[in-house]
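Chemist: This is the structure, below, for whatever I ask next.
The values are calculated or read from the model by the stated rules, or taken from the named source; none is laboratory data. Note that this is a predicted model, so its numbers are computed, not measured. No Cβ is skipped: glycine too gets one built from the backbone with ideal geometry, and neighbour counts run over all protein chains shown. Heavy atoms of the whole protein, side chains included, go into the accessibility calculation; ligands, DNA and RNA do not. Shrake-Rupley method; radii C 1.70, N 1.55, O 1.52, S 1.80 Å.
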Amino acid sequence: MRYADNLRGVLALAALLAALLVQPVVRAQNPDNMMPEERTAKGKQVLDQLITALGGPTYLDIRESNCEGRLAQFGHGGELAGYTNFKVYWRYPDKNRTDFSKKGVIVNIYNGDRGWTLDRGGVSEISNAAVADFQEQAKRDINNLLRVRLKEPGMAIRYGGTDVVDLRTVDWVELTDTEQRDFRLAVDRSSHFLVRSIVTLTDDTSPDRSVETHIYTNYQLMDGVQTPLQITLDRNGRRINQVFFQSCKYNPGFSEDFFTKAALDKRFSEVGSKKYKNEKKKEKEDN
């Protein structure tokens, strides 16, 4: 009887396996076989899942951020050039302040189409070229893209298919803005976190296209928002820097003058100690 029961069990298992083998294979959606409206709807669905995973309304309602960490920079040969402590502050979409070093003796502020820098010599204007570069970076910033720019007129959204990136199965979403910046976002199909963002830019002065890749890892919940504590930047296949955040706070409530030249003048009155002022005076005397 026991043998017969075992035999029936083996035969049942074999039948089950056979049935599974003849089942049709469920394949990921191929964007080439989708109608344009289907690709748009699928792309928006993946973006909705991403935003929900990051914190949903809490993520979307962020207007300010205050993050602290270390920046690793790399040379042209890929060698590590060193670490810098920093604090970076945002009031989205276009106000940014970065304090370098633990004492904050070097500070850059960008406020729309204006910019100022603080160093040992005092406070000075940032060049127009540097301000224009910041404005371009702000348009490519992933948080500005997800919170503000998705609803811009003319922003095209498409589903880009399924892939494996960094050993994770991801859905790609492709976006193109009216200035022909091409964004590609890799979203983890399991966690729905952002794995990579790729921006491809055209240069009017060159036939070459510049490709900028951000890699996001080590997500931690901070102030109700899933925050990647490690972000790596590659440009045209070369590693540029890595950011290691220690903490992030959202909507801290900055003062009205925090992103202004007046704030740097005040800061210089604090960190521009006699030591720095005497060094500057000595430099002038020696020259």
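Chemist: At T178 and L201, where each label point lies 7 Å from the Cα along Cα→Cβ, what is the point-to-point distance in nanometres?
Modeler: 2.0 nm
Chemist: Hey, another quick one. With a cut-off of 8 Å between alpha carbons and a minimum separation of six or more residues, what is the relative contact order of region 72-192 in percent? Each step should come with its number before you reach the end.
Modeler: Numbers: 174 pairs, mean separation 13.7, N = 121.
Result for region 72-192 is 11 percent.
Chemist: Would you kindly find the accessible area of I106, with a 1.4 Å probe and non-protein molecules such as ligands, DNA and RNA excluded, rounding to the nearest 10 Å²?
Modeler: 80 Å²
Chemist: With every protein chain in place, what's the accessible area of R168 (1.4 Å probe, Å², nearest 10)?
Modeler: It works out to around 100 Å².
Chemist: If you don't mind, another one. Taking the Cα centre of region 23-159 as the origin, how large is its charge dipole in debye, to the nearest 20, when only Lys and Arg (+1) and Asp and Glu (-1) carry charge on their Cβ atoms? Intermediate results must be reported in sequence, preceding the final value.
Modeler: Numbers: 20 positive and 17 negative charges, 54 e Å.
It works out to roughly 260 debye.
Chemist: Quick one: Karplus J couplings for region 209-219, per residue in order, coefficients 6.51, -1.76, 1.60, θ = phi - 60°, nearest Hz, x for Gly and Pro?
Modeler: Rounded to whole hertz, the list is 10, 8, 10, 10, 10, 10, 10, 10, 9, 6, 6.
Chemist: Quick check: from the Cα gyration tensor, does region 103-232 come out rounded (a/c under 1.5), prolate or oblate? Write out the running numbers ahead of the final one.
Modeler: Details: a/c = 2.20, a/b = 1.42, b/c = 1.55.
Since a/c reaches 1.5 but b/c is at least a/b, the shape of region 103-232 is classed as oblate.
Chemist: Another question, then. Can you list residues from other chains, or at least 5 along the same chain, whose modelled amide H is less than 5 Å from the amide H of S247?
Modeler: E68
Chemist: Still on this model: Which order do K139, K95 take when ranked by solvent-accessible area (1.4 Å probe, heavy atoms of all protein chains), largest first?
Modeler: K139, K95
Chemist: Under 1.5 on a/c is rounded, so check that first for region 158-272, then, if it is not, pick prolate when a/b is larger than b/c and oblate when it is not; a ≥ b ≥ c are the square roots of the alpha carbon gyration tensor eigenvalues. Intermediate results must be reported in sequence, preceding the final value.
Modeler: Details: a/c = 2.25, a/b = 1.44, b/c = 1.56.
The shape class here is oblate.
Chemist: Let me ask something additional. Does region 59-159 classify as rounded, prolate or oblate by the C-alpha gyration tensor (a ≥ b ≥ c root eigenvalues; a/c under 1.5 gives rounded; else a/b over b/c gives prolate, otherwise oblate)?
Modeler: On the way: a/c = 1.81, a/b = 1.49, b/c = 1.22.
Taking the square roots of the gyration eigenvalues as a ≥ b ≥ c, region 59-159 is prolate.
Chemist: How much length, in nm to one decimal, is gained on full extension between H76 and V211, taken as 0.36 nm per residue of separation minus their Cα-Cα distance? Kindly include the intermediate steps, with their values, before the conclusion.
Modeler: Working: separation 135, 0.36 × 135 = 48.60 nm, distance 1.63 nm.
That works out to 47.0 nm of additional length.
Chemist: Work out, step by step, the length gained on full extension between A129 and N30: first 0.36 nm times the residue separation, then minus their alpha carbon distance; give nm to one decimal. Each step should come with its number before you reach the end.
Modeler: Numbers: separation 99, 0.36 × 99 = 35.64 nm, distance 4.24 nm.
The A129-N30 span can extend by a further 31.4 nm.
Chemist: Quick one: with all protein chains in place, what share of the accessible area of region 156-261 is carbon or sulfur, to the nearest percent (1.4 Å probe)?
Modeler: So the carbon and sulfur contribution to the accessible surface is 47 percent.
Chemist: Starting at the first residue of region 62-73, write each ³J(HN,Hα) from the Karplus equation 6.51 cos²θ - 1.76 cosθ + 1.60 with θ = phi - 60°, in whole Hz, x for Gly and Pro.
Modeler: Each residue of region 62-73 in turn: 5, 10, 9, 9, 9, 10, 10, x, 10, 10, 9, 10 Hz.
Chemist: Let me ask you something else. So what does S255 come to for accessible area, using a 1.4 Å probe and Å² rounded to 10?
Modeler: Counting only protein heavy atoms, the figure is 60 Å².
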